[in-house]
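Peer 1: Before we start, here is the structure in question, set down as structure tokens.
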Amino acid sequence: MRTVACIVMEGAAPFEFGVVCEAFGLDRSEQGVPTFDFRPVTPDPGRVATTMGFSLLIDNDLSFADEADVVVVTATPRASWDEIDPRVIDVVRRAADRGAWVMSVCSGAFALAAAGVLDGRRATTHWMYTDELTRRYPRVAVDPDVLYVQDGRIITSAGTAAGIDACLHLLRQEIGAELTNVVARRMVVAPQRDGGQAQFILHPLPEAHGMSLARTLDWALENLRRDLTVDDLAAHAHMSPRTFARRFKADHGTTPAAWLARQRVLHAQRLLERTDWGLDRIAAECGFGSAAVLRQNFGRTLGTTPTAYRARFCCTPEAAAAAGRAAAEEGERVREAVPA
């Protein structure tokens, strides 16, 4: 991933556009993060009106999007959904056909749907628009309850801040968990929100300091190697398990068990990138118990193996050497399993 094109159309939403610029356009090379060739593009270069009463000056036409590794469509106004520029539709379709990453933020999903690239796929958009997306494009499996969805190399996200989560999700697959955490820290956001979390949660902020679960979550992150249960978390928070589970779901839009599993995978990613530890040791450190359970959770969450992940994202000489040893051992096992 080297080049990112962000398609901006009339009536662009400045916040969603800014999210994409912040995630992919900022130079963080001093902190070891790759610098991308990031360019906003539009069908007709020049002034592009936004929803906030000011205009953006976009110099690049859509030709760069035909070469980009990532093509992002930002939010589009409701008034444009009936007549999305056919040039944008064609660019999105070509990007999907050649295997580029294609991503939408908020209502940008309507452009992807109009291009047909969401047909037969799961997708999402802002919860206010999911019914409309379903009505207009019945071949799209719209999920109204999640922050973002990845189906193949196509990512759709819900509104506003969910675009940040989708961008970080893509970066984790391209530059690894450790460097994505650097990006998240620069953006001053949490890198751990999973796509399966609900868009709408009852308590986006704790109602009172005494009811906050932050201390319990910090404690859980420090004790991932333990066999933590909901009962353990509830006891730390001085709540009954039922009250804790209900409160957790209301505050975080997911279950304690799902949150724990995701944190363990994220911790395993960091250890694979930065250490030469074997899989059994990493599994124990992350609370998976065995390398087999680590592989199962890793594959289900990331669609790859720990060995393949380490080979791609190792960022220390020790981790690189461990990746080489693991690959050799895996190759030896394969040869032994094949009859002579």
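Peer 1: Name the single residue, out of those in segment 220-229 being in a helix (DSSP H, G or I) and open to solvent by 50 Å² or more (accessible area, probe 1.4 Å), that is farthest from residue 256 (Cα to Cα). Show your work before the answer.
Peer 2: We begin by selecting, within segment 220-229, every residue in a helix (DSSP H, G or I); these are 220-222.
If we keep only those that are open to solvent by 50 Å² or more (accessible area, probe 1.4 Å) too, we end up with 221-222.
Working: 221: 12, 222: 15 Å.
Going through the qualifying residues, I end up with 222.
Peer 1: Could you tell me how many of the residues in segment 216-236 are out of contact with any Pro (no Cβ under 6 Å at 6 or more places or on another chain) and either of a type in the set (A, V, I, L, M, F, W, C) or on the phi > 0 side of the Ramachandran plot (or both)? Steps first, please.
Peer 2: The initial filter retains those residues of segment 216-236 that are out of contact with any Pro (no Cβ under 6 Å at 6 or more places or on another chain), namely 216-229, 232, 235-236.
Okay, now just the ones that are also either of a type in the set (A, V, I, L, M, F, W, C) or on the phi > 0 side of the Ramachandran plot (or both), so 217, 219-221, 224, 228, 235.
Here the count works out to 7.
Peer 1: May I pose another question? I need every pair where a residue in segment 266-292 that is within 15 Å of residue 309 (Cα to Cα) has its Cβ under 6 Å from the Cβ of a residue that is open to solvent by 30 Å² or more (accessible area, probe 1.4 Å) and among the acidic types (Asp, Glu), sequence separation at least 6 or different chains.
Peer 2: Going by the 6 Å Cβ cut-off, the qualifying pairs are 270/178; 273/178; 276/318; 291/280.
Peer 1: Quick one: count up the residues across segment 60-69 that are of a type in the set (Gly, Ala, Ser) and either in contact with a helix residue (DSSP H, G or I) (Cβ under 6 Å, 6 or more places away or on another chain) or assigned to a helix (DSSP H, G or I) (or both).
Peer 2: Kept after step one, since they are of a type in the set (Gly, Ala, Ser), are these residues of segment 60-69: 63, 65, 68.
Next cut, either in contact with a helix residue (DSSP H, G or I) (Cβ under 6 Å, 6 or more places away or on another chain) or assigned to a helix (DSSP H, G or I) (or both) only: 63, 65.
Of the residues in that region, 2 qualify.
Peer 1: OK, next. What are the residue pairs meeting all of these: first residue in segment 137-164, first residue modelled with pLDDT under 95 and open to solvent by less than 10 Å² (accessible area, probe 1.4 Å), second residue of a type in the set (Phe, Trp, Tyr) and in a helix (DSSP H, G or I), Cβ atoms under 9 Å, and 6 or more apart or on different chains?
Peer 2: Here the result reads 163/15, each pair linking segment 137-164 to a residue that is of a type in the set (Phe, Trp, Tyr) and in a helix (DSSP H, G or I).
Peer 1: Go through segment 61-89 and report how many residues are surrounded by 13 or more Cβ atoms within 10 Å (Cβ to Cβ) and free of Cβ contacts under 8 Å to residues at least 24 places away in the same chain.
Peer 2: Number of matching residues: 1.
Peer 1: Just checking, does segment 52-66 include any residue being charged (D, E, K, R) and closer than 19 Å to residue 104 by Cβ? Step through it out loud before you land on a result.
Peer 2: Let us first name the residues in segment 52-66 that are charged (D, E, K, R), namely 59, 61, 66.
Restricting the remaining residues to those that are closer than 19 Å to residue 104 by Cβ gives 66.
Among the residues of segment 52-66, at least one is charged (D, E, K, R) and closer than 19 Å to residue 104 by Cβ, which makes the answer yes.
Peer 1: Filter segment 253-299 down to the residues that are within 18 Å of residue 230 (Cβ to Cβ) and hydroxyl-bearing (Ser, Thr, Tyr), then identify the one that is modelled with the highest pLDDT.
Peer 2: Looking at residues that are within 18 Å of residue 230 (Cβ to Cβ) and hydroxyl-bearing (Ser, Thr, Tyr), I get 255.
Peer 1: Looking only at segment 234-252, filter to residues that are open to solvent by less than 20 Å² (accessible area, probe 1.4 Å) and within 30 Å of residue 282 (Cβ to Cβ); which one of those is modelled with the lowest pLDDT?
Peer 2: 251
A quick yes/no check of all residues on (1) farther than 27 Å from residue 170 by Cα; (2) in a helix (DSSP H, G or I):
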| residue | (1), (2) |
| --- | --- |
| 232 | yes, yes |
| 247 | yes, yes |
| 281 | yes, yes |
| 289 | yes, no |
| 296 | no, yes |
| 307 | no, yes |
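Peer 1: Against the condition of a type in the set (Ser, Thr, Tyr) and within 25 Å of the chain's Cα centre (by Cα), how does residue 51 come out, does it pass? Step through it out loud before you land on a result.
Peer 2: Values: of a type in the set (Ser, Thr, Tyr): yes; within 25 Å of the chain's Cα centre (by Cα): no.
So residue 51 fails the test.
Peer 1: If you go through segment 124-132 one residue at a time, do you hit one that is in contact (Cβ under 8 Å) with a residue 12 or more places away in the chain, within 17 Å of residue 82 (Cβ to Cβ) and surrounded by 24 or more Cβ atoms within 10 Å (Cβ to Cβ)?
Peer 2: yes
Peer 1: Among the candidates 3, 42, single out the residue that is open to solvent by less than 20 Å² (accessible area, probe 1.4 Å) and among the hydroxyl-bearing types (Ser, Thr, Tyr).
Peer 2: On the way: 3 fails: open to solvent by less than 20 Å² (accessible area, probe 1.4 Å).
Answer to the selection: 42.
Peer 1: Which pairs do you get when a residue that is under 15 Å from residue 57 (Cβ atoms) and in a helix (DSSP H, G or I), found in segment 14-31, comes within reach of a residue that is of a type in the set (A, V, I, L, M, F, W, C) and at pLDDT below 95, reach meaning Cβ atoms under 8 angstrom, with the pair 6+ apart or on two chains?
Peer 2: The qualifying pairs are 14/52; 17/75.
The values are calculated or read from the model by the stated rules, or taken from the named source; none is laboratory data. Keep in mind that what you see is a predicted model, and the values were worked out from it rather than measured. Reconstructed Cβ throughout: ideal geometry from the backbone, glycine too, with neighbour counts over all protein chains shown. For accessibility, only protein heavy atoms count, side chains too; no ligands or nucleic acids. Shrake-Rupley method; radii C 1.70, N 1.55, O 1.52, S 1.80 Å.
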